[in-house]
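The values are calculated or read from the model by the stated rules, or taken from the named source; none is laboratory data. Note that the structure is predicted; figures quoted are calculated from it, not measured. Neighbour counts run over all protein chains shown; Cβ positions are idealised from the backbone, glycine included.
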Amino acid sequence: MEKFLLVAAEEKGISPDIDELKQLARTAGGVCVGEKIFKLKRINPAYYIGRGQAEEVAKFCEELNAKTVIFDFDLKPNQTRNLEGIIPAKIIDRTRLILDIFSRHAHSEDGKNQVELAQLEYLLPRLTGKGIFLMQQVGGIGVRGPGEKKLEYDRRRIEKRISVLKRKLKDLAKRRQIQRRRRLKSKIPIVAICGYTNAGKTTLFNALTKAQATAQDKLFQTLEPLTRKAKIFDKEVIFVDTVGFIKNLPPQLINAFHSTLEEIAPAGIVLVVLDISDPLWLLHREVVLKTLAELGFDKIPKIFVANKCDKLPQNFVIKNEKNFVYISALKKEGIEMLKSRIYEEIFEK
Ligand SMILES: Nc1nc2c(ncn2[C@@H]2O[C@H](COP(=O)(O)OP(=O)(O)OP(=O)(O)O)[C@@H](O)[C@H]2O)c(=O)[nH]1
Ligand SMILES: [Mg+2]
């Protein structure tokens with residue numbers, strides 16, 4: 001396991017979500033040996049954090065013998081280079097960390113292409129004059145290509161590859177559109193399952209469809225949309241399980257996964273799955289609703305699914321919130337209730 005140090009910042013009085021960052025890094029296969037949270041009054045254009053703070057991180061790194069530092073924010077290419085000049089470790093920012101996780105979890109050809117494109121777009125502005133990606137270390141978190149393929153760090157090659165990938169993804173978008181049209185023609189209503197990463201979407205998808213998709217206590221387990229036909233009482237519907245949302249999703253990834261999220265477009269209803277046992281669920285819901293709105297899906301009716309109720313006291317309810325269904329996808333509790341709500345919404349309105 002790769003040892004890493006976490007660096008986060010409290011900006012404008014907002015404290016960072018260290019637990020989420022740790023979970024991200026754990027998903028990427030590392031173990032956290034220390035953390036530093038800095039209060040930032042302003043962003044230093046050269047280092048993001050202050051120079052003195054960067055030196056502090058360098059010292060801390062040496063003390064703990066950490067070879068990797070993960071920053072909870074996005075670093076500009078020059079900031080990464082400057083930090084590398086001070087800190088004797090591999091510098092990973094939030095986008096690179098998320099890209100790494102996505103590359104581990106992309107299994108299909110399409111998924112791999114999407115991740116590779118996002119990685120190359122991230123890499124391109126970070127090439128040095130010689131066209132070589134400055135990397136102090138090879139291997140470990142943040143330097144993996146899609147699958148186990150090694151990325152090639154040559155500008156011309158990268159540019160060529162980017163255009164090939166873009167073409168492939170255009171074809172993919174077309175193929176998906178044709179499939180969606182076919183599904184729409186079949187008139188079977190579509191129920192999209194959305195939510196923050198790790199909220200329990202796939203577990204719910206399995207409970208509703210008797211599928212056996214992989215659900216795990218890791219972030220971004222699901223990257224590619226899964227669809228499955230199932231019955232709600234006497235009527236057929238199609239359930240779609242989707243990639244999880246996260247705050248500050250790298251822009252490269254929003255583009256790359258646009259076609260994945262397009263699967264939500266024809267849905268008659270969106271189930272917004274919330275891990276209600278997570279103290280940050282409200283914030284997570286905001287991220288999900290904001291992303292759905294950005295994608296133009298805010299008009300689709302929603303049911304809020306408060307999941308993981310088994311971790312809370314019995315009969316727990318949230319005040320002033322209607323349109324909530326309380327379930328435990330894991331224990332399969334509340335599923336019939338949820339089915340009734342979906343049924344009402346689709347077939348009786
Ligand atoms: N206690 C409890 N755990 C749950 C429940 N539903 C899901 N989990 C757990 O939460 C973790 C994440 O579940 P997933 O279904 O993979 O979550 P997801 O939303 O699909 O996650 P990504 O695909 O990674 O975005 C797993 O360890 C599940 O076993 C629940 O109702 N109660
Ligand atoms: Mg999932």
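Data overview
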item	result
In segment 196-221, the residues that are hydroxyl-bearing (Ser, Thr, Tyr) and farther than 20 Å from ASP310 by Cα	THR209, THR214
When residues of segment 184-206 are limited to those that are more than 13 Å from ligand 1 (Cβ to nearest atom) and in a loop (DSSP other than H, G, I, E, B), the one surrounded by the most Cβ atoms within 10 Å (Cβ to Cβ)	PRO189
Subset of segment 215-234 [under 20 Å from GLY29 (Cα atoms) and either more than 7 Å from ligand 1 (Cβ to nearest atom) or not β-branched (Val, Ile, Thr) (or both)]	ALA215, GLN216, ASP217, LYS218, LEU219, PHE220, GLN221, LEU223
Qualifying position, being modelled with pLDDT under 85 and either touching a helix residue (DSSP H, G or I) at 6+ places or on another chain (Cβ under 7 Å) or more than 11 Å from ligand 2 (Cβ to nearest atom) (or both), among ALA207, ALA192, ALA213	ALA213
Residue check for ALA256: assigned by TED's automatic domain parsing to the domain that holds LEU219, modelled with pLDDT of 85 or more and under 29 Å from LEU184 (Cα atoms)	no
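Okay, residues lined up against (1) away from ligand 1 (no atom under 13 Å from the Cβ); (2) assigned to a helix (DSSP H, G or I); (3) surrounded by fewer than 21 Cβ atoms within 10 Å (Cβ to Cβ):
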position	(1), (2), (3)
GLU236	yes, no, yes
PHE239	no, no, no
ALA267	yes, no, no
LEU271	no, no, no
SER277	no, no, yes
LEU282	yes, yes, yes
VAL287	no, yes, yes
LYS290	yes, yes, yes
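One line per residue, one yes/no per condition, for (1) within 16 Å of ligand 2 (Cβ to nearest atom); (2) in contact (Cβ under 8 Å) with a residue 24 or more places away in the chain; (3) under 20 Å from ASN113 (Cα atoms):
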position	(1), (2), (3)
LYS168	no, yes, yes
PHE220	yes, yes, yes
LEU226	yes, yes, yes
PHE233	no, yes, no
ILE264	yes, yes, no
